[in-house]
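A.B. asks: One structure is given below, represented as structure tokens, and several questions about it will come after.
The values are calculated or read from the model by the stated rules, or taken from the named source; none is laboratory data. Since this is a predicted model, take the numbers as computed values, not measurements. Here the Cβ positions follow ideal geometry from the backbone for every residue, glycine too, while neighbour counts run over all protein chains shown.
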Amino acid sequence: MRLNTIFRNPGAPGRTFWALAGILVFCMPLPLLADLDKAFDAVHQKDYSTAYELFLEAAETGNAEAQYNLGVLIQTGQGTEKDPARALSWFEKSAAQGWADAQYQLGNMYEFGQAVPQSYQNAAALYMKAAEQGHASAQTNLGVLYANGQGVNQDIVLAYVWSNLAASQGIVEALQNREIVAEEMSPEMLQRVRDISREYFQKYVAPFQSEQSRRLVGQPPEQPPKHQ
């Protein structure tokens, strides 16, 4: 049994509201909120140069959402020169503040060796941080790493559990992975992991469903061929 992770390179900046310990991370001064709104409006209008300048200004104040979205523009070469290493730096700043999208993107970069030495261990640690905030794509990839024993000790129970959480949020690849892992389990083990899944759902999905909403800007990112 060997599963493949998903790779989703961000195609355009997106807005996400994440709750940490019951406090909305998105709380910020109104002038900064207005500037971010202008930045997203600029992206809608495909005025990426203006969006870049607005995100840069907000990112330099330490705003995690702006740092992540600035990294997206730099990584994809929208409104500025494409520079994966510089994008990495902004993703790191955002991820250090707990921004789940940035943690997931950094995990992808470490797993696939983009602008950093390839490291399954670092990828797993970053996916875990995002997965524990309800990030479905991170949960998918974390499940794969547990199934394959990449960066973590192989554990088909956790492979099933994380895949199941992502599947419950509509990730098709996670649903497929969950069924593959389930084939390796006895009926008794399958019942046990379903019980564990319910516990994990209450910790790593349910708390974020009421607080989390996403405003994606532009077209959905294209998905390159799956990592082998």
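A.B. asks: Could you list, in sequence order, all residues of the range 138-155 that are touching a residue at least 60 places away in the same chain (Cβ under 8 Å), over 16 Å from LEU175 (Cβ atoms) and either surrounded by 24 or more Cβ atoms within 10 Å (Cβ to Cβ) or among the β-branched types (Val, Ile, Thr) (or both)?
C.D. replies: Listed by number, the list holds a single entry, LEU145.
A.B. asks: If the requirement is being at positive phi and either outside any helix (DSSP H, G or I) or surrounded by 24 or more Cβ atoms within 10 Å (Cβ to Cβ) (or both), which of these qualifies: GLY71, GLY62?
C.D. replies: From the options GLY71, GLY62, the qualifying one is GLY62.
A.B. asks: Follow-up question, since we're still on this one. Could you list, in sequence order, all residues of the range 151-174 that are out of contact with any Ser or Thr (no Cβ under 8 Å at 6 or more places or on another chain) and not acidic (Asp, Glu)?
C.D. replies: Of everything in the range 151-174, those that are out of contact with any Ser or Thr (no Cβ under 8 Å at 6 or more places or on another chain) and not acidic (Asp, Glu) turn out to be VAL152, ASN153, GLN154, ILE156, VAL157, LEU158, ALA159, ALA167, SER168, GLN169, GLY170, VAL172.
A.B. asks: Quickly run through the range 106-127 and pick out the residues that are surrounded by fewer than 21 Cβ atoms within 10 Å (Cβ to Cβ), assigned to a helix (DSSP H, G or I) and not small (Gly, Ala, Ser).
C.D. replies: Scanning the range 106-127 gives PHE112, TYR120, GLN121, ASN122.
Results for (1) at pLDDT below 95; (2) in a helix (DSSP H, G or I); (3) more than 26 Å from GLN118 (Cβ to Cβ), shown as yes or no for each residue.
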position	(1), (2), (3)
GLN150	no, no, no
LEU158	no, yes, no
GLU184	yes, no, yes
VAL193	no, yes, yes
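A.B. asks: Right, something else. Step by step: first the residues of the range 18-46, then only those that are surrounded by 15 or more Cβ atoms within 10 Å (Cβ to Cβ) and in a loop (DSSP other than H, G, I, E, B), then the one that is modelled with the highest pLDDT. Which residue is that?
C.D. replies: Checking each candidate, the answer is MET28.
A.B. asks: Let me ask something else about it. Might you let me know whether the range 76-84 holds any residue that is surrounded by fewer than 24 Cβ atoms within 10 Å (Cβ to Cβ), of a type in the set (Gly, Ala, Ser) and closer than 21 Å to ASP41 by Cα?
C.D. replies: Yes: one or more hits.
A.B. asks: Okay, moving on. Pull out all pairs, ordered by first then second residue, where Cβ-Cβ is under 6 Å, the residues are six or more apart or on different chains, the first lies in the range 91-103 and is on the phi < 0 side of the Ramachandran plot, and the second is of a type in the set (Phe, Trp, Tyr).
C.D. replies: If the second residue must be of a type in the set (Phe, Trp, Tyr), the pairs left are SER94/TYR68; TRP99/TYR68; ALA100/TRP18; ASP101/TYR68; ALA102/TYR68; ALA102/PHE91.
A.B. asks: Let me spell it out: the conditions are (1) touching a Ser or Thr at 6+ places or on another chain (Cβ under 9 Å); (2) farther than 30 Å from TYR146 by Cβ; (3) in contact (Cβ under 8 Å) with a residue 12 or more places away in the chain; (4) not hydrophobic (A, V, I, L, M, F, W, C), and THR50 meets all of them except one. Which number is the exception?
C.D. replies: Unmet for THR50, out of (1) touching a Ser or Thr at 6+ places or on another chain (Cβ under 9 Å); (2) farther than 30 Å from TYR146 by Cβ; (3) in contact (Cβ under 8 Å) with a residue 12 or more places away in the chain; (4) not hydrophobic (A, V, I, L, M, F, W, C): (1).
A.B. asks: Is one or more of the residues making up the range 195-202 at pLDDT below 95 and either assigned to a loop (DSSP other than H, G, I, E, B) or of a type in the set (Asp, Glu) (or both)?
C.D. replies: Looking for residues that are at pLDDT below 95 and either assigned to a loop (DSSP other than H, G, I, E, B) or of a type in the set (Asp, Glu) (or both), one finds none in the range 195-202, hence no.
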